[in-house]
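A.B. asks: The structure follows.
The values are calculated or read from the model by the stated rules, or taken from the named source; none is laboratory data. Everything numeric in this text was worked out from a predicted model, so none of it was measured. Neighbour counts run over all protein chains shown; Cβ positions are idealised from the backbone, glycine included. Areas reflect the complete protein model, heavy atoms only, side chains present, ligands, DNA and RNA absent. Shrake-Rupley method; radii C 1.70, N 1.55, O 1.52, S 1.80 Å.
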Amino acid sequence: MEQPLAAALDANQPALPARPACLYTSCYCEENVWKLCEYIRSQNQYPLEEFYAVFISNDRRMVPLWKQKSRRGSQPVIWDYHVVLLHVSSGNQNFIYDLDTVLPFPCPFDTYVEEAFKSDDILEPGFRRKVRVVRSDLYMKTFASDRSHMKDASGNWQQPPPPYPCIETADFKMNLDNFISMNPGVGWGSVLPLPEFVQGFGNQS
């Protein structure tokens, strides 16, 4: 069972260091992925255009994901949104980088789909997932967050923020909602139902 997974990983040199060496802040997945993109750009090993920030959510902002570190066992975590990094490689297997999963880092796309997404067919309609796929170079140019979504009504942090300054652009200090939104008329990138995303980026061989 493990041989195809090992072969897939060996066929593609990871674009990022091992998970423990990556900059990570719990509950700030959108910034964690931005920082992964920044690292890839700085190393100049792979074209940044091969990578995509993938926002996972839906209109209710209630999306189940399995194999997350915050929920051991067979039960999913219900996120309002989650963000992973997709590498569209030159081989026949794409990869997902998810700093919050117990799956390998990187994880072959099809393995991640099977283990973490499972299938929308087993879910009630209100929990079915959509994705917003944003090419990483565009994500780095457009994403901004002042982290206000992580403060409570009294202005206290619900989770400690990352140690570096807020990510902002010349035009925006906060546009996270435009990325979480699954309205295709809002924000950047392409919005797809999960099955269409899986079909488009899964193993075609």
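A.B. asks: Of the numbered conditions (1) open to solvent by 40 Å² or more (accessible area, probe 1.4 Å); (2) under 23 Å from GLU115 (Cβ atoms), ASP59 fails exactly one; give the number of that condition.
C.D. replies: (2)
A.B. asks: What's the number of the condition ARG147 fails, among (1) open to solvent by less than 30 Å² (accessible area, probe 1.4 Å); (2) among the charged types (D, E, K, R); (3) more than 20 Å from LYS35 (Cβ to Cβ)?
C.D. replies: (3)
A.B. asks: When you go through (1) outside any loop (DSSP other than H, G, I, E, B); (2) aromatic (Phe, Trp, Tyr); (3) open to solvent by 50 Å² or more (accessible area, probe 1.4 Å) one by one for TYR24, which number turns out not to apply?
C.D. replies: For TYR24, the failing item is (1).
A.B. asks: Quick one: in the range 126-137, of everything that is hydrophobic (A, V, I, L, M, F, W, C) and in contact with a Phe, Trp or Tyr (Cβ under 6 Å, 6 or more places away or on another chain), which residue is nearest to ASP59 (Cα to Cα)? If you could, list the steps in order and put the result at the bottom.
C.D. replies: So in the range 126-137, the residues hydrophobic (A, V, I, L, M, F, W, C) come out as 127, 131, 133-134.
Narrowing the set further to residues that are in contact with a Phe, Trp or Tyr (Cβ under 6 Å, 6 or more places away or on another chain) leaves 131, 133-134.
Details: VAL131: 11, VAL133: 16, VAL134: 18 Å.
Once the filter is applied, the top-ranked residue is VAL131.
A.B. asks: Let me ask another. Counting just the residues of the range 93-122 that are in a loop (DSSP other than H, G, I, E, B) and in contact with a Pro (Cβ under 9 Å, 6 or more places away or on another chain), which one comes out surrounded by the fewest Cβ atoms within 10 Å (Cβ to Cβ)?
C.D. replies: Ranking the candidates gives SER119 first.
A.B. asks: Could you list, in sequence order, all residues of the range 18-63 that are more than 22 Å from ASP146 (Cα to Cα) and among the charged types (D, E, K, R)?
C.D. replies: Of everything in the range 18-63, those that are more than 22 Å from ASP146 (Cα to Cα) and among the charged types (D, E, K, R) turn out to be ARG19, ARG41, GLU49, GLU50, ASP59, ARG60.
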